[in-house]
1. Would you rank Arg21, Arg110, Arg44 by solvent-accessible area, highest first, keeping every protein chain in place and using a 1.4 Å probe?
2. Let me check I've understood the local charge: for Lys120, count other residues with C-beta under 10 angstrom from its C-beta, Lys and Arg +1, Asp and Glu -1. What total comes out?
3. Please compute the length gained on full extension between Tyr26 and Ser155, using 0.36 nm multiplied by the number of residues separating them and subtracting their Cα-Cα distance.
4. Quick check for you: with a 1.4 Å probe and neighbouring chains kept, what is the accessible area per residue of the chain, in Å²?
5. What value, in deg cm²/dmol to 500, does the helix sum -39500 (n - 2.57) over DSSP H runs of n ≥ 4 give at 222 nm once divided by the residues of the chain?
6. If Arg20, Arg145 are ordered by their accessible area, calculated over protein heavy atoms with a 1.4 Å probe, which sequence runs from highest to lowest?
7. Just one of (i) -0.38, -0.66, -1.30; (ii) -0.30, -0.52, -1.29; (iii) -0.36, -0.58, -1.29 is log10 I(q)/I(0) by the Debye sum over Cα atoms at q = 0.09, 0.12, 0.20 Å⁻¹ as worked out from the coordinates here. Which one is it?
8. Give me the net charge of Gly108's neighbourhood, meaning all other residues with Cβ under 10 Å from the Cβ of Gly108; Lys, Arg count +1, Asp, Glu -1.
Amino acid sequence: MSDEKPVIFPVEATHIMMFRRSIGDYAVPDTGMEDAAAPPTFPRAVAQFDPAYFLRMKPGEDWFGSGRNASGVEGKASSSGGLHAEQHFEFVRPVKPGDVLTVTQKPGNRWEKESKRAGKLLFEEFIQEYRDQTGILVCTARSVRVTTERPVDQS
């Protein structure tokens with residue numbers, strides 16, 4: 001997600017239902033989804049509405065997908081050397097069907113640590129705010145990415 005452009009994230013009951021199924025959560029019957037709150041990690045589904053998301057397929061462009069040689073990206077992919085290290089969510093209220101969330105991102109803290117096997121580790125924090133259609137804060141998400149100075153020494 002870009003730090004400059006907000007992403008509009010319409011929340012629909014069927015989207016929540018499919019997300020619940022994908023994580024093995026069958027606690028809410030399909031017929032009761034209209035009022036069911038989304039699971040705690042659901043806000044990350046905003047990636048499906050972010051045209052700039054690097055793992056989202058784009059017509060006519062090579063895609064860094066899953067599987068062996070699944071994408072046609074030659075050489076080192078732009079996402080190599082990084083790791084999604086942490087994800088935290090703080091909710092003011094649950095995300096519900098019918099919400100239209102505006103999601104903005106800003107940089108958080110940055111820090112470094114030294115590693116024996118990969119050299120310097122750079123930690124970068126990203127803060128996302130999810131606001132409803134009235135502008136009220138619903139959720140704040142904080143994620144941490146780690147990149148390495150060099151490939152991990154396997155010896």
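1. Values: Arg21 100, Arg110 150, Arg44 75 Å².
Heavy-atom accessible area, descending, gives Arg110, Arg21, Arg44.
2. Values: positive: Lys113, Arg150; negative: Glu112, Glu114, Glu149.
Counting the neighbours of Lys120, the net charge comes to -1.
3. 42.1 nm is the gain from fully extending Tyr26 to Ser155.
4. Ligands and nucleic acids excluded, the result is 65 Å² per residue.
5. -2000 deg cm²/dmol
6. Details: Arg20 25, Arg145 100 Å².
Descending order: Arg145, Arg20.
7. After the calculation, the listed value that fits is (i).
8. Working: positive: Lys106, Arg110, Arg142; negative: Glu124, Glu125.
Charge balance in the 10 Å sphere: +1.
The values are calculated or read from the model by the stated rules, or taken from the named source; none is laboratory data. Predicted, not measured: the structure shown is a model, and the values here were computed from it. Neighbour counts are summed over all protein chains in view; Cβ atoms, including those assigned to glycine, are modelled from backbone coordinates with ideal geometry. These area figures cover heavy atoms from the full protein model, side chains too; ligands, DNA and RNA do not enter into them. Shrake-Rupley method; radii C 1.70, N 1.55, O 1.52, S 1.80 Å.
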